[in-house]
Amino acid sequence: MNLSDALEISSCTDPGIVRSHNEDSVAADPANGLVVLADGMGGYNAGEVASGMATTVIQAEVAQILGNVEPHLIDEKTNKVFAELILREQIRKANASIYQAAQAQSQYAGMGTTLVVCLFYDNRVMVGHLGDSRLYRLRDKKLKQVTRDHSLLQEQIDAGLITPEQAKTAAHKNLVTRALGIDPGVEPELHEYRTQPGDIFLLCSDGLCDMVSDEDIALTLKALGRHLNLATQQLVQMANDNGGRDNVSVILVRVLREYPAARGVVGKFFAWLK
Amino acid sequence: MAKLILSMDGLVLKEIPLSKERTTIGRKPSNDIQIDNLAVSGEHAVIVTIMSDSFLEDLGSTNGTIVNGNPVKKHFLQNNDVIELGKYKLKFLAEPGVQAAASAADFEKTMVLRPSAMKAAVDQARAAAPSGGPQQADKARAAAVQQAAGAAASAGTAAKESKAPAPAAAPTGGAAHATASPAPTGAAPAVAPAGAPPAAAPAEAPAPRPAQLLGAIQILSGSNAGKALELVKPLTTLGKPGVQVAVLTRRPQGYYITHVEGANQPSVNGQSIGSAPHALKDHDVIELAGVKMEFFVKG
């Protein structure tokens, strides 16, 4: 099922003001309803390599599998929706590729990347993430952070050691507790959400949410949500205007209409007509 | 930048900044630091400097390399370490301020805290909690994290001989102890990427926004004529949805107007602004969806 007329997608990645190169990577496949954002880490250019591998591997592999499997169906063996199985498996594959490259080549040793990936299907979205790259959702003019960072800071907030207010100025903001490519195995966090026409999903690297307040992000999406390209540019520009201390990456996805999966022979016939 | 002070019998001979990633030491003239003494091997040792961390490695020299009286193969150099090569001494002086605070750009780089280190940090926090309460626990945890980060930085490059604090530090009774307890043996790398600087410094508060001029709009025509609107937010939308909409963005360098929707672009002082953002000057007159308004700077 081609989702390119159900979803509007806009993405932008920028090195920021301070950093000389961009270790973030973004990828979007509107037809398959897939968007991927990764924020790489590691010396020299290893960060770019890790994030680039993550987005490329996941995009290519998921596209290939979606040619054969319908994501909304439920796997009889695991009783889980295929979308979840597909993402989990491809995230593992990307992890293995990055980990092996890091092991094989000394200049890539220790490289890794955060990840946030969304697969849209059947009026739903499957969200996978690792680390501190985030997904937000704007619905009914309210911005909500959908993912919870895998970071030391988030764990401290959860444990009640610090307040979210204190977190804004806290130390070791940069320590993530899960990432892709660091260990031979990986456990991505995956959740499914229902979508509604009019929803705007924002995937971003910490270069955006560290530099721009949630209020300003919400304001931008509300004001420019009907013009996604302007909104992505505005978000990146605000991060840079506020200092641009890190690479900034943004993907916006707007749900234009319902996109139920074609069910049964008749539904499939109509889907085929479209 | 870190530097070495070369001396012999208490006499300072030379000051050498560690400006290169690899600084070689030996008797041959090809070395960066040449020490013409028979006790020094042709290629004696090398100092690898990554970001603000320097690591000394003996290159299989005949008489060995001694740091602070102990022979070493690999060593994570700390401020005031003294390297001995025969009769010569090289004192290592770290970059001032580096040990207290890595530069902002460096420590903001994302690093992974791996579960093994995480567990150690949590354990330490717990150990500290009964005696010191949550704040102490937090400190202990932060200290543990710093240790983990520091250990990884050294362990990654300096390998197992590293004597840097390890995440698996001895059990601790309190926060103060946690910061001071060096690990007895080899540090397992806990944080990636290897070689990244310790994330020891507290993060700076978000950069305060530079003092920005405050601008405002006064409506000149139509039913709302005379009304004024202060442009406090980073962006303000103007116009009628479906007809013509523009957005005014507030940036450090001033205000900009950008066309958002509508068949026609808004005009400033009678000129259409086109599709690119247009910088506004004091007393510019904007015309949008049939309404004239004046932009002015309130100071």
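Please list 3J(HN,Hα) in residue order for segment B:254-266, calculated via the Karplus relation 6.51 cos²θ - 1.76 cosθ + 1.60 where θ = phi - 60°; whole Hz, with x for glycine and proline.
Running phi through 6.51 cos²θ - 1.76 cosθ + 1.60 with θ = phi - 60° gives x, 9, 10, 10, 10, 5, 10, 8, x, 5, 9, 8, x Hz.
Given N residues in chain A, what is Rg(Cα) / (2.2 N^0.38 Å)?
Details: Rg = 18.4 Å, N = 274, 2.2 N^0.38 = 18.6 Å.
Scaled against compact globular proteins, the figure is 0.99.
Using θ = phi - 60° and the Karplus curve 6.51 cos²θ - 1.76 cosθ + 1.60, what whole-Hz ³J(HN,Hα) does each residue of segment B:42-57 get, with Gly and Pro shown as x?
x, 10, 8, 7, 9, 10, 9, 10, 10, 6, 9, 10, 10, 10, 9, 9
Which value, in debye to the nearest 20, gives the size of the charge dipole of chain A about its Cα centre, when Lys and Arg are +1 and Asp and Glu are -1 at the Cβ? Present the calculation step by step, with values, prior to reporting the outcome.
On the way: 26 positive and 34 negative charges, 144 e Å.
With Lys and Arg at +1 and Asp and Glu at -1, about 680 debye.
How large is the Rg to Rh ratio of segment A:1-159 when both quantities use alpha carbon positions and Rh follows Kirkwood? Display every interim value, and only then the final one.
Values: Rg = 16.5 Å, Rh = 16.8 Å.
That ratio equals 0.98.
For the cross-link pairs A:93/A:141; B:20/B:87; A:168/B:74, which exceed 27 Å when the distance is taken from alpha carbon to alpha carbon?
Pairs exceeding 27 Å: A:93/A:141; A:168/B:74.
What does the convex hull of the Cα atoms come to per residue for segment B:211-283, in Å³?
Details: hull volume 7.1 nm³, N = 73.
Dividing the Cα hull volume of segment B:211-283 by its residues yields 97 Å³.
Taking the Cα centre of segment A:114-226 as origin, work out the dipole magnitude from +1 charges on Lys and Arg Cβ and -1 charges on Asp and Glu Cβ, in debye rounded to 20. Each step should come with its number before you reach the end.
Working: 14 positive and 17 negative charges, 106 e Å.
Value, rounded to 20: 500 debye.
Would you mind checking which residues have amide H under 5 Å from residue A:173's amide H? H placed 1.01 Å from N; only 5 or more apart, or other chain.
Here B:203 satisfy the definition.
Quick one: grab Rg to one decimal and Dmax as a whole number for segment B:12-104, Cα atoms only, in Å.
Just the Cα atoms of segment B:12-104 yield Rg and Dmax of 13.0, 44 Å.
How do B:52, A:25 line up, fewest other C-beta atoms within 10 Å first? Mind showing how you got there, number by number?
Working: B:52 18, A:25 26.
Fewest-to-most Cβ neighbours within 10 Å comes out as B:52, A:25.
From largest to smallest, what semi-axes in whole angstrom does segment A:105-178 give when each is the square root of 5 times an eigenvalue of its alpha carbon gyration tensor?
On the way: eigenvalues 121, 97, 16 Å².
After diagonalising the Cα gyration tensor, the semi-axes are 25, 22, 9 Å.
Residue B:292: net charge of surrounding residues, Cβ under 14 Å, Lys/Arg +1, Asp/Glu -1, itself excluded?
Numbers: positive: B:227; negative: B:284, B:287, B:294.
Result for the local shell: -2.
Amide H to amide H, which residues 5 or more places from residue A:263 or on other chains are under 5 Å from it, using H placed in the peptide plane?
Those qualifying (amide H under 5 Å, at least 5 residues apart or on another chain) are A:268.
In the neighborhood of residue A:125, defined by Cβ-to-Cβ distances under 10 Å, what is the net charge if each Lys or Arg adds +1 and each Asp or Glu adds -1? Can you show the working numbers first?
Details: positive: A:124, A:137, A:194; negative: A:122, A:192, A:199.
Neighbour charge sum, excluding residue A:125 itself: 0.
Within a Cβ distance under 11 Å of residue A:215, other residues only, what is the Lys/Arg minus Asp/Glu net charge? Can you show the working numbers first?
On the way: positive: A:222, B:233; negative: A:214, A:216.
Charge balance near residue A:215 sits at 0.
Based on other C-beta atoms within 10 Å, arrange A:76, B:287 from fewest to most. Let's see the in-between values first.
Details: A:76 7, B:287 19.
The fewest-first ordering by Cβ neighbours comes to A:76, B:287.
Starting from segment B:1-94, pick out the trypsin sites (Lys or Arg not before Pro) whose DSSP state is loop and whose Cβ has at most 16 other Cβ atoms within 10 Å. Mind dumping the intermediate values first?
Numbers: sites: B:3, B:14, B:20, B:22, B:27, B:73, B:74, B:87, B:89, B:91; in loops: B:20, B:27, B:73, B:87.
Of the trypsin sites (Lys or Arg not before Pro), the ones in loops of segment B:1-94 whose Cβ has at most 16 other Cβ atoms within 10 Å are B:20, B:73, B:87.
Taking the Cα centroid of segment A:107-173 and of segment B:257-271, what is the distance between the two, rounded to the nearest whole Å?
Here the two parts' Cα centres lie 38 Å apart.
Quick one: putting +1 on the C-beta of Lys and Arg, -1 on the C-beta of Asp and Glu, what dipole do you get for segment A:12-146 around its Cα centre, in Debye to the nearest 20? Each step should come with its number before you reach the end.
On the way: 13 positive and 15 negative charges, 93 e Å.
Charge dipole, segment A:12-146, about its Cα centre: 440 debye, nearest 20.
Read phi for every residue in segment A:156-165 and hand back ³J(HN,Hα) as whole Hz from Karplus 6.51 cos²θ - 1.76 cosθ + 1.60, θ = phi - 60°, with x for Gly and Pro.
5, 5, 4, 7, x, 6, 9, 8, x, 5
Out of A:151, A:249, A:11, any idea which swings most in a Gaussian network model of chain A, alpha carbons joined below 10 Å?
The residue that fluctuates most here is A:151.
Bear in mind that the values in this text are calculations on the coordinates, not laboratory data. Computed from a predicted model, the values in this text were never measured in an experiment. Every residue, glycine among them, receives a Cβ derived from its backbone with ideal geometry; neighbour counts consider all protein chains shown.
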